[in-house]
Amino acid sequence: MGMVVVVVGIEVEEGDEDNKMKRFTIYIMIVFILSSTLYAEEDNASSEENKVTTVYTDLTKKSEKTTKEKSESHYDKFKRILSKYDGNFAKDTLIYSADAMIPDEIFVTLKDVIDNRKENTYSSSLRTFSKMLGNDTYNVLLTTTYHYMQDISRIHHKIWDHAVCHPDVFQYDPNLNPKTILLDLKQNDEKARGITEEGIVLPYNQNFPNTLYPYASQPNGCSAEELQSLYNNSNKISDDAIWLKEACDEHDKCYSTIGTTFQECNDKLIVQTVDSCTQISNRDTLLYLGSKNAFCGMKALAISTGAGVCAEQYFNHTQRQQKIYNRWVLEYEEAYQKAKQFHKKWLL
């Protein structure tokens, strides 16, 4: 919005100090009014620009979402629509009632189990075929149960959040980072915490006490939240913990991989933990009439259910910690290269 300024000429006699002062005051006022008008125009322009930017951003996000949905396969679209719980208890309960009548969980499970079998091929001999087929059938049953349980936990997520989910709060303090660059640090040194792709050995950092490159917090096996004590006791009577741990470690790595989602990590966890039960020998399978395999599968279900209940909170915590860790690694690598160059020049 513009402003018109009219300057009225004032006749003043030379030597009249009062009139000179009046004329000077008028000039000051004119400059002030013009400046105010310009600032107002700039603020207006900035405000309009922000509005345009906001609208453009919203349209871009909407366009990206629409494009993503259009590129979805019929299967993915089916999976997304029938798992859309938004936190409204009454609405979600109705959706679940309808969802329970439609076997989409079975379709999801079948695809995940088949994909897992493609990735983890076993010998095609008749000796392993029956065991593989039996395990995959059992996997479909437990994984389908897991998906139904996860739908229920999403409906009751507020209860779970307060009663069960208590992720650690990650506090980053730059002052706790290593103060010196260790050019002579070796990979097998007790202070070393992994070696980067650039060949740089990273030192211990108080901000990340459990780190092992490339993970801000190295994988630490299985946990089952409120079912943890039950899981620990079950390990005393079964020797399958070592195989389950491998699947849980892969789950931890998935959480620490930037760009993943907690849904895809958890969907892999249930399938991979149950699949790890195939490590039980044929002898034990026959000796215990499959009860050992079934027990292992129930433990896998307990682990996956515990992880799935608090997935979003722990995933967000892990991703935030990993992003900060990645940034620190880049800073350390840059400082290391500079220190190395300086060291070479000093030697010369």
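Annotations
- Burial ranking of peptide ranges 179-191, 237-249 (average Cβ count within 10 Å, highest at the top): 237-249, 179-191
- Efficiency of FRET between Lys118 and Glu198 - r from beta-carbon atoms, R0 30 angstrom, step 0.05: 0.30
- Inter-label distance, nm, simple model (7 Å from Cα along the C-beta direction), Ala335/Tyr148: 5.5 nm
- Two-site label geometry, Asn233 and Tyr288: point separation in nm, points 7 Å out along Cα→Cβ: 1.8 nm
- The 3J(HN,Hα) values that the Karplus relation (6.51, -1.76, 1.60; θ = phi - 60°) gives for region 195-212 are, in residue order, 10, 7, 4, 7, x, 9, 7, 8, x, 5, 10, 4, 5, 10, x, 10, 6, 8 Hz. Gly and Pro appear as x.
- Here's how it looks for Leu212: its modeled amide H is under 5 Å from those of Ser217, Gln218, which are all 5 or more places away or on a different chain.
- Of the GluC sites (Glu not before Pro) in region 287-348, those whose Cβ has at most 14 other Cβ within 10 Å and which sit in DSSP loop: none
- Kirkwood hydrodynamic radius of region 222-322, from inverse mean 1/r over distinct Cα pairs, in Å: 14.0 Å
- Set Lys118/Lys186; Lys131/Lys245; Lys253/Lys338; Lys236/Lys323; Lys323/Lys345; Lys118/Lys299 screened for pairs whose C-alpha atoms are more than 28 Å apart: Lys118/Lys186; Lys253/Lys338; Lys236/Lys323; Lys323/Lys345
- Full extension of the chain between Ile324 and Thr261 yields a length gain of 20.9 nm, computed as 0.36 nm times the residue separation minus the alpha carbon distance.
- Going by neighbour counts of Cβ atoms within 10 Å, the residues Ile200, Ile270 line up, fewest first, as Ile200, Ile270.
Read-outs throughout are calculated quantities, based only on the coordinates presented, and are distinct from any laboratory measurement. Since the structure is predicted, the reported quantities are computational estimates derived from the model, not experimental observations. With ideal geometry, Cβ positions are generated from the backbone for all residues, glycine too; neighbour counts draw on all protein chains shown.
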